[in-house]
1. Against the condition of a type in the set (A, V, I, L, M, F, W, C), in a helix (DSSP H, G or I) and over 12 Å from the mean Cα position of the chain (by Cα), how does Ile16 come out, does it pass?
2. I need the full set of residues from the range 59-83 which are touching a Leu at 6+ places or on another chain (Cβ under 7 Å) and loosely packed, with under 13 Cβ neighbours inside 10 Å, in order please.
3. Pick from Ile47, Ile16: which is β-branched (Val, Ile, Thr) and out of contact with any Phe, Trp or Tyr (no Cβ under 7 Å at 6 or more places or on another chain)?
Amino acid sequence: MKIIINAENIELNDQIREYIDEKIGKELNRLLNKISNVESLSANVTINKRSRWGFKVKFDALLPIKEHIFAEAINKDLLACLTDLREKIEVQLNKYKAKIKKV
């Protein structure tokens with residue numbers, strides 16, 4: 001899966017990119033591997049640094065069978081925010097897998 005990372009009010013470094021690829025990208029590949037061609041899918045991750053609440057991270061992806069996955073997490077720590085986001089995505093993907101098995 002191709003992940004497009006956008007950042008607002010923060011400079012992305014290699015550590016953040018690697019963390020997103022490792023925590024979110026590998027998890028998505030693992031969960032979607034048996035469902036469809038994962039390499040043809042793309043997702044957007046937007047990181048926004050906010051002064052009062054810390055970081056706000058959004059995930060947006062369109063999966064086969066016109067399923068839209070959107071998740072958002074807010075936390076003062078960026079790595080904790082990305083972990084929260086991954087957990088929310090995982091819940092939605094498990095629902096998606098159950099929906100696919102019914103069809």
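We did not get these values from a lab; they are worked out from the coordinates using the rules stated. Everything quoted here is computed from the prediction, not taken from an experiment. Glycine gets a Cβ as well: all are built from the backbone with ideal geometry, and neighbour counts include every protein chain shown.
1. yes
2. His68
3. Answer to the check: Ile16.
Residues checked against (1) assigned to a helix (DSSP H, G or I); (2) surrounded by 13 or more Cβ atoms within 10 Å (Cβ to Cβ):
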site: Ile3; (1), (2): no, yes
site: Leu12; (1), (2): no, no
site: Lys23; (1), (2): yes, yes
site: Lys49; (1), (2): no, yes
site: Val57; (1), (2): no, yes
site: Leu85; (1), (2): yes, yes
site: Glu90; (1), (2): yes, yes
site: Asn94; (1), (2): yes, no
